[in-house]
Amino acid sequence: MDVGSISQNALSGITKGVNQANEASEKLAGREQLSGQNTNATKELVALKEAETQVQASAKVAQTANDVIGSIINIKA
């Protein structure tokens, strides 16, 4: 297990989630809310929720990697 690559993957996941959230929110903000576009708005709201979950999961991975590093340091000290 390479903790450095785990941390890098977590950061990559956070970045991906933030980018997805930005894209979905821009689509929502730029859209004229007409009655026929409710499905598209719903799709973008789902994308925002997916992005939130992506960032939360990646942050948890980063925290776990940090905890592992701390444990290793404490064991060696």
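What the table below lists for this structure:
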| item | result |
| --- | --- |
| Cβ charges +1 (Lys, Arg) and -1 (Asp, Glu), total dipole of segment 3-76, debye | 180 |
| Inter-label distance, nm, simple model (7 Å from Cα along the C-beta direction), E52/K27 | 1.7 |
| Eligible lysines near K49 by straight Cα distance, threshold 22 Å, same-chain separation 8 or greater | K16, K27, K60 |
| Spread of Cα-to-Cα distances over 10 Å intervals beginning at zero, given as percent, for segment 3-76 | 21, 34, 22, 14, 7, 2, 0 |
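Read-outs: derived from the displayed coordinates by stated rules, not from any lab. Since this is a predicted model, take the numbers as computed values, not measurements. Cβ: placed from backbone, ideal geometry, glycine included. Neighbour counts: every protein chain shown.
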